[in-house]
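> The structure under discussion is supplied below as structure tokens; questions concerning it will follow.
The values are calculated or read from the model by the stated rules, or taken from the named source; none is laboratory data. In this text, all values refer to a predicted model and were calculated from it rather than measured experimentally. Using ideal geometry, Cβ is built from the backbone for each residue, glycine included, and neighbour counts are taken over all protein chains shown. What goes into the accessible areas is simple: the full protein's heavy atoms, side chains included, and nothing from ligands, DNA or RNA. Shrake-Rupley method; radii C 1.70, N 1.55, O 1.52, S 1.80 Å.
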Amino acid sequence: METLLQDVRFGVRSLAKSRRFTVAAVLTLALGIGANTAMFSVIRSVLLKPWPFRDPAKVLAVTQRTANGNGNVFSTPAFLDWKQQGGLLANMGAFVPWQFNLSNDKDAPERIAGGQVNYDLLETLGVGAAKGRVFSAKDDVAGAGNFVVLSDTLWRTRYSASARAVGSVIELNGLPFTVVGVMPAGFYVFADTELLWTPLQLKRDAGIGASSNVHWLQGFIRLPDGVSLKQAQAELDGVAARLHREDATGDLGFGVQIQTFNDAFTGFVKPALLMLMGCVGFVLLIACSNVANLLLARGAARRREMAVRTALGASPLRVVRQLLTESVLLAFTGGVLGVGLAFAALRGVVAMHPPSVPRVEDVSIDFAVLVFSFAVSVLVGILFGLAPAIEAARLDVNEGLKESGHSTNRGFGKHRSVLVITETALASILLIGTGLALQGLWSLHKVELGFVPKDVTTFRIAAPTTLTGQRVPEFYRQVAERVQGLAGVQSAAVARNVPMSGTDPSMPITTEGKMPVPVQGETVTRYRAVGEDYFRTFQTPVLQGRVFSPQDTATAPTVAIVSESLAKRYWPGESPLGKRLKPNFKGSQWCTVVGMVGDVRHWGADVDIEPTAYYPYTQVPDALVPLLEANMSVAVRSSVAEGALMQLIRGAVGQIDKSVPVYQVQSMDQMVTDAGSLRRFDLSLLGAFSGLALMLATIGVYAVMAYSVAQRTQEIGIRIALGAGARDVLMLILREGVKLALAGVIAGVIAAFLLRRVMANLVYGLDGSSPVIFSVVPLIIVVVIMLACSMPALRATKVDPIVALRNE
């Protein structure tokens, strides 16, 4: 221990004497370690942070397999039938995100997010109430009454953390609900915006539960102790095989699929985040290469010192340990500064984070992140210090003592050459990856969305729960009519969900005649309930027939409009007009196709087109009204500024019912932007890391070149004395630098080409070879490296041979 303390004290004194070297090394390492710390903080928050359940790794998300092989949430009959099979699914929990109008006597109703749960869910998650109780089995029976459990946040903000809140009655959606409990702080199921939960009270043969094709329930189970995920899936597959033998046409025979809660709700961002973590790893390796080069240069100047130490009895191991101690001190100091840089970087990450990335707003530098930073600092200290330490340990004592302080090395040296090639290759990989991502983003701008988002403002609204049956669509018709009559409004339309939002159901349809065979992984048909001015408001082209009209009421013949892709799939080579289709749910009727419209990319420019059938929301069967029309979107095309427009709209809605809140106000332009925000977020970070990598690589090459020129002063002086011109000296230095840079770029291009398949899964529109990117980006890197080499090379041309030889 005493020896280690001696090494540390000496290392501190030695680094303090070499201030310029120490500052350069610490700043370089701070950039690399800071980038890694910031990225690890994001990954920990999104992917690694435990969910607010007991033993969350054992909580599994369960989805129903469908005929086309896709996973889907459960319909009510399928959920109840699977629970009846017993075994792993006997206590399956169910959850549905829901929204409520929370009212009191003083304030206007507030629209808040929450959920509906069955009795088994909270037990499956392993979470009990902090105050009062959770739901009992009796609470979860249809007709048992209205009960609610509050979140800790709502209890504290709305009810001042009063103990009297438990047992009190609050008003949700115009109905009284009894508060039975308060959940622990930090608890939520899907999102931390959930503020309360009510029982599902499932009914098999009424309302939403009447149809086997209305999928709305997310299932959860807890993996038993001693059972692996693979074993559990095999058991459930065995049950599905038995059910298929009993009923070859039944939906249960397709089976269910399970995955960890974490994979189910963060799996879509995991590849991109891991790719970015790999990128910052490359940045750190480049930083290590730079510092290793600095240490090699410093080691060459300390050859005599090391020779004296060895001559006085220091073993090679002792020399290595001393130099590694200095390296770790550098890395630790760089790590401390890097954590400070990470704090600043994370503020920017949180500010620009896309809405689709879960839990990123909770990102912070906690104890685990600090431990990670410390471990990285120690590791990189050993990594970049190993080569200089080993080189010093191999020093010939006699040769070292004979040297007068000037290195006899010529050129770059083997180690420094390898490091220059490595960092240039890593920077090339990152920059080519950024170029490919930019190419993909550019291709998205050329994708036709199928609608015009400019000048369209959307908001959501929920009909009072006191309205039932066809009085619900009548309420929305009145809202659309009032909004349509406002000054400056060109058109207004009601829809269950507008593009770039919502989760309209995937609904199989039946057509008269031959039915196409389901395609693996393909969405069968989307069911979209819309109003009469929907296509005019969004300027979606009408290709054949007509749009919905005010005459398409509940008492009129049922009609539908199909997208171009649906028409081609079900009636290839024919006009769909006059054909009939029927949604596959209980209570549906045959609908006559009266129009065909262009395809709409509902989820984003980079998401495949889905065959879609549109139906008038006024003709939705009563059984589906609670699901499809519990709340609706209204899209308004207007040139009026959003603030002034919404003030007029709230007044118009208030004239119909003052208790109805208007919420989730967004422009379609912003929604389109948000839909591509994850891709832009990834590209922004990738671009930042790539720029940092190129900067570090350029500085590294410059430092090595400057050191090489300084060490070759005598050689350059002799060359000039013998008649070499400035151009000859310039080309001599540039040739060596560019030779190493080209080797690194070529290695990077080969590696990037081999990794392009990984990028193809993350980059939209990436073609097989991308020749422009693979030729232009390397050229840019070579030019930048040549500029870095040119400064020391120009300095070499100004060497005075008399002064150089006299100094020697």
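> Which of the residues belonging to the stretch 664-708 are in a helix (DSSP H, G or I), more than 21 Å from the chain's Cα centre (by Cα), surrounded by fewer than 22 Cβ atoms within 10 Å (Cβ to Cβ) and among the β-branched types (Val, Ile, Thr)?
If the condition is that a residue be in a helix (DSSP H, G or I), more than 21 Å from the chain's Cα centre (by Cα), surrounded by fewer than 22 Cβ atoms within 10 Å (Cβ to Cβ) and among the β-branched types (Val, Ile, Thr), then Thr698, Ile699 are the ones that fit.
> Which residues, taken from the stretch 433-471, are in a loop (DSSP other than H, G, I, E, B) and modelled with pLDDT of 85 or more?
If we filter the stretch 433-471 for residues that are in a loop (DSSP other than H, G, I, E, B), which is where we start, we get 446-455, 462-470.
Passing the criteria: Glu448, Leu449, Gly450, Phe451, Val452, Pro453, Lys454, Asp455, Ala462, Ala463.
> Mind listing whichever residues of the stretch 254-274 are touching a Gly at 6+ places or on another chain (Cβ under 8 Å) and open to solvent by 30 Å² or more (accessible area, probe 1.4 Å)?
At the first step, the residues of the stretch 254-274 found to be touching a Gly at 6+ places or on another chain (Cβ under 8 Å) are 256-257, 259.
If the condition is that a residue be touching a Gly at 6+ places or on another chain (Cβ under 8 Å) and open to solvent by 30 Å² or more (accessible area, probe 1.4 Å), then Gln257, Gln259 are the ones that fit.
> Next question. How many residues does the stretch 658-689 hold that are touching a Gly at 6+ places or on another chain (Cβ under 7 Å) and more than 30 Å from Ala463 (Cα to Cα)?
2
> Would you mind telling me which numbered condition in (1) open to solvent by 10 Å² or more (accessible area, probe 1.4 Å); (2) within 29 Å of the chain's Cα centre (by Cα); (3) under 19 Å from Asn173 (Cβ atoms) Asp622 fails?
(2)
> State all residues of the stretch 472-531 that are in a loop (DSSP other than H, G, I, E, B), under 19 Å from Ser565 (Cβ atoms), open to solvent by 30 Å² or more (accessible area, probe 1.4 Å) and β-branched (Val, Ile, Thr); if no residue qualifies, say none.
The answer is Val517, Val519, Val524.
> Follow-up question, since we're still on this one. Collect the residues in the stretch 44-69 that are under 15 Å from Ile258 (Cβ atoms), touching a strand residue (DSSP E or B) at 6+ places or on another chain (Cβ under 8 Å) and outside any strand (DSSP E or B), keeping them in residue-number order.
Answer for the stretch 44-69, where residues must be under 15 Å from Ile258 (Cβ atoms), touching a strand residue (DSSP E or B) at 6+ places or on another chain (Cβ under 8 Å) and outside any strand (DSSP E or B): Ala57, Lys58.
> Looking at the stretch 152-174, I want the residues that are on the phi > 0 side of the Ramachandran plot and have a partner that is at pLDDT 95 or above and among the polar types (S, T, N, Q) with Cβ atoms under 9 Å, at least 6 apart or on another chain. Which pairs are those?
As it stands, the answer is Gly167/Thr178, since those pairs meet every condition given.
> While we're here: So, Thr193, is that one open to solvent by 40 Å² or more (accessible area, probe 1.4 Å), among the polar types (S, T, N, Q) and under 30 Å from the mean Cα position of the chain (by Cα) or not? Spell out the reasoning first.
On the way: open to solvent by 40 Å² or more (accessible area, probe 1.4 Å): yes; among the polar types (S, T, N, Q): yes; under 30 Å from the mean Cα position of the chain (by Cα): yes.
So Thr193 fits the description; yes.
> Those residues that are among the aliphatic types (A, V, I, L, M), open to solvent by 20 Å² or more (accessible area, probe 1.4 Å), in contact (Cβ under 8 Å) with a residue 24 or more places away in the chain and under 25 Å from Thr193 (Cβ atoms), I need them from the stretch 324-362; list them, please.
Within the stretch 324-362, just Met352 meets the criteria.
> Step by step: first the residues of the stretch 560-600, then only those that are surrounded by fewer than 17 Cβ atoms within 10 Å (Cβ to Cβ) and of a type in the set (Ser, Thr, Tyr), then the one that is nearest to Phe451 (Cα to Cα). Which residue is that?
Here the residue is Ser575.
> Say we look at the stretch 231-249 and pick out the residues that are open to solvent by 80 Å² or more (accessible area, probe 1.4 Å) and assigned to a helix (DSSP H, G or I); which of these is nearest to Arg65 (Cα to Cα)?
Of the stretch 231-249, the ones open to solvent by 80 Å² or more (accessible area, probe 1.4 Å) are 231, 235, 242, 244-246, 249.
Narrowing further to those that are assigned to a helix (DSSP H, G or I): 231, 235, 242, 244-246.
Details: Gln231: 18, Glu235: 15, Arg242: 15, His244: 13, Arg245: 16, Glu246: 17 Å.
Filtering the stretch 231-249 for residues that are open to solvent by 80 Å² or more (accessible area, probe 1.4 Å) and assigned to a helix (DSSP H, G or I), the one nearest to Arg65 (Cα to Cα) comes out as His244.
> I'd like to verify a number: residues in the stretch 129-176 that are farther than 21 Å from Val189 by Cβ, in a loop (DSSP other than H, G, I, E, B) and open to solvent by 60 Å² or more (accessible area, probe 1.4 Å), how many?
3
> Show the residue pairs that are 6+ apart or on different chains and have beta-carbon atoms under 7 Å apart, the first residue being within the stretch 631-655 and under 20 Å from Gln539 (Cα atoms), the second being aromatic (Phe, Trp, Tyr) and crowded, with 16+ Cβ neighbours inside 10 Å.
Once the first residue is under 20 Å from Gln539 (Cα atoms) and sits in the stretch 631-655, its partners that are aromatic (Phe, Trp, Tyr) and crowded, with 16+ Cβ neighbours inside 10 Å give Met632/Tyr476; Val634/Phe459; Ala635/Phe538.
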